[in-house]
Amino acid sequence: MTIFGFRLPGMSSLLLWGLVWEIVGRLGITFFVPPLSAVFATLFEIIGTPAFLKALSETAYAFGVGVTAAIAIGVPTGILMGRSRLLDELLLPWVNIFLSAPLTALVPVLMVLFGFGMTSIIITTALFAIWIIILNARAGVMQINRSLVEMARCFGASPLAAFTKIYFWSALPEILSGVRIGVIRAVKGVIIGQLLISIVGFGALFELYSANFLMTHFWAVLIVLFAMAFSISELLAYLERRVSYYAAKR
Amino acid sequence: MSQTRAAPRSTVPLAADIAVRTRDVSKHYGTVEALRNLSLDFPRGQLTSLLGPSGCGKTTLLKIIAGLIPATSGQIEVSGKTVTGPGPDRAFVFQDFALLPWASVLRNVAFGLELRGVARSEREAIAEKYIRDVGLAGFETSYPHQLSGGMRQRVGLARALSVNAEVLLMDEPFSAVDEQTRRKFQEDLLALVANENKTFIFVTHSIEEAVYVSDQIAILLPRPSRVSEVIRPTGIRDKGADNIRRDPEYLDIVDRIWASLRSYVE
Ligand SMILES: Nc1ncnc2c1ncn2[C@@H]1O[C@H](COP(=O)(O)OP(=O)(O)O)[C@@H](O)[C@H]1O
Ligand SMILES: [Mg+2]
């Protein structure tokens with residue numbers, strides 16, 4: 001964007017909104033919105049504290065395991081669905097239902113099945129991420145160049161070799177964009193899990209701060225969370241652009 | 001590549017010298033009858049063209065010989081062995097090149113060997129030789145999108161050559177390249193047939209191309225799909241690549257084929 005001939009750096013609108021936030025905060029309209037400067041001051045205060053680090057590691061663990069599971073199961077499932085008509089007919093309705101279902105409503109069921117611990121939180125995280133990963137891997141495989149598949153068969157590719165050397169790489173741009181969206185959903189999943197299942201990690205901090213009206217703390221943790229989700233998604237978007245480079249040429 | 005033939009090839013193949021034999025091959029796609037009772041012999045060490053209007057089943061026949069799709073009925077033998085699927089005795093050159101966009105020229109050419117489990121250093125040495133043979137030396141580390149259509153097809157050709165199959169199946173390999181490149185390709189193909197002791201099955205819809213490169217031309221006609229005629233342009237084969245197109249026999253055969261095909265072109 002350019003204003004008065006000046007080229008503004010990306011995301012400069014954030015500065016504007018930060019300013020609005022600061023002004024609203026200083027006017028003291030509501031206790032819910034403390035000034036942004038106070039939020040940042042608190043952020044630097046709490047960021048090294050044991051409570052924060054514990055919350056961070058608990059959240060990172062659930063998030064990491066949940067996302068890894070969603071990718072490890074979702075990508076092969078999606079590829080297989082894209083290849084097998086039968087599997088596709090069987091699974092696609094379920095994938096579509098879960099993709100648009102309000103997964104939060106399923107959390108109590110998970111608690112009954114898997115208890116009130118980390119397992120349920122991890123499964124919640126994975127459930128939020130996996131469906132879009134499956135759908136994208138499937139779409140990636142479905143647009144594969146048929147003659148690449150014939151070429152591989154012709155030169156004697158085993159089913160496993162075709163899977164790892166042709167299907168996976170052909171679908172990689174779509175797989176990565178699925179993973180990127182899945183990861184963003186997983187952030188939602190892990191926080192919802194921590195709030196609803198057992199009060200641990202960042203969920204516990206949110207609970208603690210909001211119950212005690214510590215709004216600067218609340219916002220500080222939320223900003224940290226946003227920043228982390230944003231960085232992960234940007235990293236994946238970067239990878240996606242790297243592989244799209246050849247994908248555009250196929 | 002040398003552009004003269006080593007020696008004129010024998011004109012009447014012996015029974016034992018048939019590399020590929022199709023017997024009463026039929027193929028139905030649902031209600032579409034793509035091939036009906038097609039029988040054809042492909043002499044070893046020679047180039048046979050499948051020529052015909054589009055939709056007459058040329059690609060279908062080639063893919064059946066490759067083992068990529070099953071025939072509805074009938075039998076295909078390669079060197080006496082019945083075809084049940086793809087095999088190392090056959091290699092395919094694709095109309096749309098079928099290169100891996102994410103792999104370098106070197107890996108693409110070596111890919112057939114990679115799938116066969118040949119060790120990396122060995123397969124890359126073989127690939128490098130064929131990259132040189134098809135005239136792509138210096139492009140080993142390029143990617144397909146950096147090459148012209150003609151160069152991409154050379155990569156596809158090098159890949160098919162590097163697995164050292166007896167039979168080379170080529171589905172309109174030159175249709176996606178420009179006219180000048182195409183002519184150069186045709187000359188190179190003549191040299192290839194002369195120098196490599198391989199059987200070539202070559203699909204084309206260009207009459208001139210078929211007559212220029214073939215030892216034997218099978219004319220396929222649709223409705224119902226069948227081999228209507230087999231022509232062996234023997235007289236022009238030892239004339240040398242540069243003189244073929246001026247040869248009266250070449251022009252005669254082109255005319256004769258056009259006469260039998262023209263009724264199928266609206
Ligand atoms: N997978 C398929 N499903 C249904 N019909 C097909 C399929 N492949 C080819 N055909 C039909 O079979 C006939 C022969 O096709 P093809 O072998 O591709 O012809 P050619 O290569 O000579 O142009 C055509 O009528 C085509 O529409
Ligand atoms: Mg065709």
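The values are calculated or read from the model by the stated rules, or taken from the named source; none is laboratory data. Here the structure is a predicted model, which means the values were calculated and not measured. Reconstructed Cβ throughout: ideal geometry from the backbone, glycine too, with neighbour counts over all protein chains shown. Remember, those area values only see protein heavy atoms, side chains included, never the ligands or the DNA or RNA. Shrake-Rupley method; radii C 1.70, N 1.55, O 1.52, S 1.80 Å.
Kindly check whether there is at least one residue in the stretch B:178-192 that is open to solvent by 20 Å² or more (accessible area, probe 1.4 Å), within 16 Å of ligand 1 (Cβ to nearest atom), touching a Gly at 6+ places or on another chain (Cβ under 9 Å) and in the same structural domain as B:Thr59 (by TED's automatic domain parsing).
The initial filter retains those residues of the stretch B:178-192 that are open to solvent by 20 Å² or more (accessible area, probe 1.4 Å), namely B:178-184, B:187.
Applying the additional criterion that residues be within 16 Å of ligand 1 (Cβ to nearest atom) yields none.
Checking the stretch B:178-192: not a single residue is open to solvent by 20 Å² or more (accessible area, probe 1.4 Å), within 16 Å of ligand 1 (Cβ to nearest atom), touching a Gly at 6+ places or on another chain (Cβ under 9 Å) and in the same structural domain as B:Thr59 (by TED's automatic domain parsing).
So A:Arg250 clears everything in (1) modelled with pLDDT of 90 or more; (2) open to solvent by 70 Å² or more (accessible area, probe 1.4 Å) except one condition, right? Which one?
Here A:Arg250 meets the rest and fails (1).
Given the conditions (1) closer than 30 Å to B:Gly74 by Cα; (2) within 16 Å of ligand 2 (Cβ to nearest atom), report the number of the one that B:Ala176 does not fulfil.
Exception for B:Ala176: condition (1).
Can you name every residue in the stretch B:28-65 that is open to solvent by less than 20 Å² (accessible area, probe 1.4 Å) and in a loop (DSSP other than H, G, I, E, B)?
Of all residues in the stretch B:28-65, those open to solvent by less than 20 Å² (accessible area, probe 1.4 Å) come to B:34-35, B:38, B:40, B:42-43, B:45-52, B:56-58, B:60-62, B:64-65.
Across the stretch B:28-65, the qualifying residues are B:Gly45, B:Gln46, B:Gly52, B:Cys56, B:Gly57.
Exactly one condition in (1) within 20 Å of the chain's Cα centre (by Cα); (2) free of Cβ contacts under 8 Å to residues at least 24 places away in the same chain; (3) open to solvent by 40 Å² or more (accessible area, probe 1.4 Å) is not met by A:Leu222; state its number.
Looking at each condition in turn, A:Leu222 falls short on (3).
Take the conditions buried (at least 18 other Cβ atoms within 10 Å of the Cβ), under 13 Å from A:Ile79 (Cα atoms) and more than 8 Å from chain B (Cβ to nearest Cβ) and apply them to A:Ile175. Does it pass? Full working, then the answer.
Working: buried (at least 18 other Cβ atoms within 10 Å of the Cβ): yes; under 13 Å from A:Ile79 (Cα atoms): yes; more than 8 Å from chain B (Cβ to nearest Cβ): yes.
It is true that A:Ile175 is buried (at least 18 other Cβ atoms within 10 Å of the Cβ), under 13 Å from A:Ile79 (Cα atoms) and more than 8 Å from chain B (Cβ to nearest Cβ).
Picking from B:Val109, B:Val78, B:Val93, which residue would you name as being of a type in the set (A, V, I, L, M), open to solvent by less than 10 Å² (accessible area, probe 1.4 Å), within 16 Å of ligand 1 (Cβ to nearest atom) and out of contact with any Cys (no Cβ under 8 Å at 6 or more places or on another chain)?
Values: B:Val109 fails: within 16 Å of ligand 1 (Cβ to nearest atom); B:Val78 fails: within 16 Å of ligand 1 (Cβ to nearest atom).
Only one candidate passes the filter, namely B:Val93.
So for the stretch B:79-88 (the condition being within 14 Å of another protein chain (Cβ to nearest Cβ) and touching a helix residue (DSSP H, G or I) at 6+ places or on another chain (Cβ under 6 Å)), does at least one residue qualify? Even if it seems obvious, please write down each step before you answer.
So the first thing to find is which residues in the stretch B:79-88 are within 14 Å of another protein chain (Cβ to nearest Cβ), and the list is B:83-88.
Going one step further and asking which of them are touching a helix residue (DSSP H, G or I) at 6+ places or on another chain (Cβ under 6 Å), we end up with B:86.
Yes, there is a match, as at least one residue in the stretch B:79-88 is within 14 Å of another protein chain (Cβ to nearest Cβ) and touching a helix residue (DSSP H, G or I) at 6+ places or on another chain (Cβ under 6 Å).
Where residues in the stretch B:132-150 are away from chain A (no Cβ under 12 Å) and open to solvent by 50 Å² or more (accessible area, probe 1.4 Å), which of them is nearest to B:Phe200 (Cα to Cα)?
Within the stretch B:132-150, the subset away from chain A (no Cβ under 12 Å) is B:132-142, B:148-150.
From what's left, open to solvent by 50 Å² or more (accessible area, probe 1.4 Å): B:132-133, B:135, B:137-139, B:141, B:148.
Values: B:Arg132: 21, B:Asp133: 18, B:Gly135: 20, B:Ala137: 24, B:Gly138: 28, B:Phe139: 26, B:Thr141: 29, B:Ser148: 24 Å.
Only one residue tops the list, namely B:Asp133.
Identify, please: which residue in the stretch B:33-56 is over 22 Å from B:Arg256 (Cβ atoms) and within 13 Å of ligand 2 (Cβ to nearest atom) and is, among those, nearest to the other protein chains (Cβ to nearest Cβ)?
It comes out as B:Ala34.
If we keep just the residues of the stretch A:138-172 that are within 14 Å of chain B (Cβ to nearest Cβ) and farther than 30 Å from B:Val83 by Cβ, which is most open to solvent (accessible area, probe 1.4 Å)? Can you show your working first?
Pass one, the stretch A:138-172, residues within 14 Å of chain B (Cβ to nearest Cβ): A:140, A:143-172.
From what's left, farther than 30 Å from B:Val83 by Cβ: A:140, A:143, A:171-172.
On the way: A:Gly140: 0, A:Gln143: 75, A:Ala171: 0, A:Leu172: 21 Å².
Filtering the stretch A:138-172 for residues that are within 14 Å of chain B (Cβ to nearest Cβ) and farther than 30 Å from B:Val83 by Cβ, the one most open to solvent (accessible area, probe 1.4 Å) comes out as A:Gln143.
Exactly one condition in (1) within 14 Å of chain A (Cβ to nearest Cβ); (2) open to solvent by 60 Å² or more (accessible area, probe 1.4 Å) is not met by B:Ile69; state its number.
Only one criterion is unmet by B:Ile69, namely (2).
Applying the selection to the stretch B:200-238, what residues are within 16 Å of ligand 2 (Cβ to nearest atom), polar (S, T, N, Q) and either open to solvent by 10 Å² or more (accessible area, probe 1.4 Å) or not in a strand (DSSP E or B) (or both)?
Within the stretch B:200-238, B:Ser206, B:Ser225 qualify.
Which one of B:Leu100, B:Leu106, B:Leu136 is in contact with a Pro (Cβ under 8 Å, 6 or more places away or on another chain) and hydrophobic (A, V, I, L, M, F, W, C)? Break it down stepwise before answering.
Values: B:Leu106 fails: in contact with a Pro (Cβ under 8 Å, 6 or more places away or on another chain); B:Leu136 fails: in contact with a Pro (Cβ under 8 Å, 6 or more places away or on another chain).
Every option except B:Leu100 fails the conditions.
Does the stretch B:225-264 hold any residues that are of a type in the set (Val, Ile, Thr) and within 21 Å of B:Phe42 (Cβ to Cβ), and which are they?
Passing the criteria: B:Val227, B:Val230, B:Ile231, B:Thr234, B:Ile236, B:Ile253, B:Ile257.
Would you mention how many residues in the stretch B:111-123 are within 11 Å of chain A (Cβ to nearest Cβ) and in contact with a helix residue (DSSP H, G or I) (Cβ under 7 Å, 6 or more places away or on another chain)?
5
Residue under question is B:Gln153, and the condition is that it be open to solvent by less than 50 Å² (accessible area, probe 1.4 Å) and either at pLDDT below 90 or within 17 Å of the chain's Cα centre (by Cα) (or both); does it hold? Steps first, answer last, please.
On the way: open to solvent by less than 50 Å² (accessible area, probe 1.4 Å): yes; either at pLDDT below 90 or within 17 Å of the chain's Cα centre (by Cα) (or both): yes.
Taking the combined requirement at face value, the residue satisfies it.
Of all the residues that make up the stretch B:50-75, how many are β-branched (Val, Ile, Thr), more than 8 Å from ligand 1 (Cβ to nearest atom) and within 15 Å of the chain's Cα centre (by Cα)?
So the answer is 2.
Name the pairs: first residue in the stretch A:97-119 and more than 11 Å from A:Leu196 (Cβ to Cβ), second residue modelled with pLDDT of 90 or more and open to solvent by 70 Å² or more (accessible area, probe 1.4 Å), Cβ to Cβ under 8 Å, at least 6 apart or on different chains?
Short answer, once both residue conditions are applied: A:Met118/A:Tyr61.
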